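Trainee: Sharing a structure with you now.
Just so it is clear, none of the values below were taken in a lab; they were calculated from the coordinates. A quick note: this is a predicted structure, and the numbers were derived from the prediction, not measured. Here the Cβ positions follow ideal geometry from the backbone for every residue, glycine too, while neighbour counts run over all protein chains shown.
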Amino acid sequence: MKNIGFTQVIIILFALHAGVLLFTSCNQNAVKRNTPDKGAISISGAFALYPLTVLWAEEFNKSYPDIRIDISAGGAGKGMADVLAGMVDLAMFSRDVLPAETERGAWPVAVAKDAVVPVVNSANPFIEALMTHGLKKDMLETLYTSEMATRWSEICPGISLESKVHNYTRSDACGAAQVWAKYLNSNQEQLQGIGVFGDPGMADAVKKDVMGLGYNNMAYVYDIDSRTIRPGLAVVPIDLNKNDVIDDEERFYESLDSLLLAIQRGAYPAPPARDLYFISNGTPKNEQVNTFLNWVLTHGQQYISRAGYVNLSEEQITEQRQKLQNGAH
């Protein structure tokens with residue numbers, strides 16, 4: 001066997017050491033790549049808040065490009081379940097938080113306002129009478145809480161034909177249905193109708209049924225760019241003063257901006273107008289989540305009207321920011 005000189009031993013040891021360093025470096029890089037991204041925020045929940053949250057995420061990332069925001073819509077009920085189970089950082093939520101949910105850790109921050117509105121197919125044969133006379137709250141209550149099929153002639157005074165109303169409701173646990181039910185002195189479980197999933201499902205069902213009547217969050221009724229009602233749908237005015245005629249002060253559905261103004265000044269009732277929330281499981285401890293929520297309550301408010309929602313009042317914004325600040329300490 002050939003003897004190995006001292007120099008050769010040094011060379012071999014150096015090569016082995018370099019190999020160990022290279023191996024260690026590669027493993028460290030691999031570990032770094034497989035480590036969960038601590039700069040991500042996960043959000044799920046209400047269809048109502050989804051379009052605005054997507055816009056907020058896009059604008060937020062212009063100032064904070066290193067914070068990724070993952071958003072999915074599945075209904076307010078799913079958002080609440082996800083956040084309380086620790087599956088997401090925030091839930092998009094579109095109804096009041098129940099005491100039982102608060103006891104489990106639900107911590108809400110109000111971020112905007114919107115409303116649920118009654119919709120019919122724009123080709124409904126009784127559209128002229130519906131626009132002239134509207135629908136009273138008690139007629140809507142009968143329609144959605146009675147197990148008996150209701151005819152158009154029974155809910156609108158200008159209709160004489162005995163055609164049945166095909167009323168649609170939500171099959172998923174959601175804020176829209178709960179707020180609509182609250183307006184009708186009921187709850188979502190008691191609402192009668194053909195069940196459809198999600199806001200897009202509700203809008204599509206009514207568009208395909210000339211005798212259909214449903215309710216939608218306004219972001220799915222009005223086109224954000226044109227600020228007009230989406231093709232295939234018509235918003236049925238509510239006869240608020242119950243005089244069987246839609247008066248001028250009750251006509252604010254023709255454009256998104258006129259409805260936003262009516263909600264802001266209280267002409268459109270609450271409910272079905274309501275606050276929208278982000279919910280965390282307890283006070284948010286994640287630095288990125290706190291950064292995002294503070295941004296929403298400051299810079300993010302400028303995008304609310306553009307996205308088809310109503311701004312919080314200055315008093316509400318101050319209250320929510322103070323709540324967030326107190327919770328962070």
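Trainee: For the stretch 119-133, what are the residues that are more than 27 Å from the chain's Cα centre (by Cα), surrounded by 16 or more Cβ atoms within 10 Å (Cβ to Cβ) and in contact (Cβ under 8 Å) with a residue 40 or more places away in the chain?
Mentor: As a first pass, look at the stretch 119-133 and keep what is more than 27 Å from the chain's Cα centre (by Cα): 123-133.
Those left that are additionally surrounded by 16 or more Cβ atoms within 10 Å (Cβ to Cβ): 124, 126, 129-131, 133.
Selection gives 124, 130, 131, 133.
Trainee: Restricting to the stretch 272-325, what's the tally of residues that are over 11 Å from residue 109 (Cα atoms), in a helix (DSSP H, G or I) and among the charged types (D, E, K, R)?
Mentor: Counting residues in the stretch 272-325 that are over 11 Å from residue 109 (Cα atoms), in a helix (DSSP H, G or I) and among the charged types (D, E, K, R) gives 3.
Trainee: Quick one: would you say residue 291 is of a type in the set (Ser, Thr, Tyr), touching a residue at least 12 places away in the same chain (Cβ under 8 Å), touching a Phe, Trp or Tyr at 6+ places or on another chain (Cβ under 6 Å) and surrounded by fewer than 22 Cβ atoms within 10 Å (Cβ to Cβ)?
Mentor: Details: of a type in the set (Ser, Thr, Tyr): yes; touching a residue at least 12 places away in the same chain (Cβ under 8 Å): yes; touching a Phe, Trp or Tyr at 6+ places or on another chain (Cβ under 6 Å): no; surrounded by fewer than 22 Cβ atoms within 10 Å (Cβ to Cβ): yes.
No: the conditions fail for residue 291.
Conditions tested, residue by residue: (1) without any contact (Cβ under 8 Å) to a residue 12 or more places away in the chain; (2) crowded, with 17+ Cβ neighbours inside 10 Å; (3) within 24 Å of residue 82 (Cβ to Cβ).
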position	(1), (2), (3)
199	no, yes, yes
215	no, yes, no
227	no, no, no
242	no, no, no
245	no, no, no
249	no, no, no
264	no, no, no
276	no, yes, yes
281	no, yes, yes
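Trainee: Within the stretch 206-214, does at least one residue satisfy the condition of being of a type in the set (A, V, I, L, M, F, W, C) and closer than 23 Å to residue 273 by Cβ?
Mentor: Filtering the stretch 206-214 for residues of a type in the set (A, V, I, L, M, F, W, C) gives 206, 210-211, 213.
Next, from what is left, pick out any that are closer than 23 Å to residue 273 by Cβ: 206, 213.
The answer is yes, given that some residue of the stretch 206-214 is of a type in the set (A, V, I, L, M, F, W, C) and closer than 23 Å to residue 273 by Cβ.
Trainee: Okay, next question. From 83, 116, grab the single residue that is out of contact with any helix residue (DSSP H, G or I) (no Cβ under 9 Å at 6 or more places or on another chain) and crowded, with 24+ Cβ neighbours inside 10 Å.
Mentor: 83
Trainee: So for the stretch 146-154 (the condition being β-branched (Val, Ile, Thr) and over 24 Å from residue 268 (Cα atoms)), does at least one residue qualify? Spell out how you get there, then give the answer.
Mentor: To start, the set of residues in the stretch 146-154 that are β-branched (Val, Ile, Thr) comprises 150.
When the remaining residues are screened for being over 24 Å from residue 268 (Cα atoms), the result is 150.
Yes; the residues of the stretch 146-154 include at least one that is β-branched (Val, Ile, Thr) and over 24 Å from residue 268 (Cα atoms).
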